[in-house]
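The values are calculated or read from the model by the stated rules, or taken from the named source; none is laboratory data. Note that the structure is a prediction, hence the values are computed from the model and not measured. Positions of Cβ are backbone-derived with ideal geometry, glycine not excepted, and every protein chain shown enters the neighbour counts.
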Amino acid sequence: MSTREEAEAAVKTLLQYLEKDSEREGLKNTPKRVIDSWGEIFAGYQQNSADVLEATFNGEGYDGIVLLRDIEFNSTCEHHLQPFSGRAHVAYIPVERIVGISKLARIVEMHGRRLQNQERITKGIADDLEKHLSPLGTAVIIEARHGCMTCRGVRKQNAIMTTSAMRGVFFEKAEARTELMQLIRSAPLSN
């Protein structure tokens, strides 16, 4: 693994490739700022799912769908280092244990804050919920706009990529999937 100094030097090299005057005032501290921002953008590498999902609670017999929808997230495409962002819908049907709802948002954040592809985020969230909660079913649906599609290449501004992972009863039973989709599409809460 590289040192911080090596990382800043690499950013400086990229700036020299892009900009004739890479020492001008506006760029002088850019390598430091880039590495600082990457510490936040890629904070998911410092986290693991066991820590995020460790605190569970007695489900008290609840056996319906638990859904947290419209979880905003940002990530970075590993192929072009372009941002992509959107929303995730994360659901499970508990057997004995439930998890605090903020943990569902945190597991999305953990996966998003790494160099990624959308398929891996979707699968990773579902895998983690299955591993740590052992639910009857897990469902993850992610919808996102990708910078590599909007600002380069085909330049399609309104293209939205959707991925899903359906496990357990959400995969096996059409009724469970139908109920989940109705909950996702239901009207938002008004203020």
task: From (1) at pLDDT 95 or above; (2) outside the structural domain of residue 173 (by TED's automatic domain parsing), pick out the condition that doesn't hold for residue 22.
output: (1)
query: Any idea which residue in the range 5-27 is nearest to the chain's Cα centre (by Cα), counting only those that are surrounded by 12 or more Cβ atoms within 10 Å (Cβ to Cβ) and of a type in the set (D, E, K, R)?
result: 8
Listing of strands (runs of 3 or more DSSP E) fully contained in the range 78-191 that carry 2 or more residues being touching a Lys or Arg at 6+ places or on another chain (Cβ under 9 Å) and surrounded by 15 or more Cβ atoms within 10 Å (Cβ to Cβ): 83-93, 137-146, 161-168
message: Is it the case, given these coordinates, that residue 37 is in a helix (DSSP H, G or I) and closer than 30 Å to residue 11 by Cα?
response: yes
query: When residues of the range 58-77 are filtered for being in a strand (DSSP E or B) and either without any contact (Cβ under 8 Å) to a residue 24 or more places away in the chain or not assigned by TED's automatic domain parsing to the domain that holds residue 112 (or both), how many remain?
result: 1
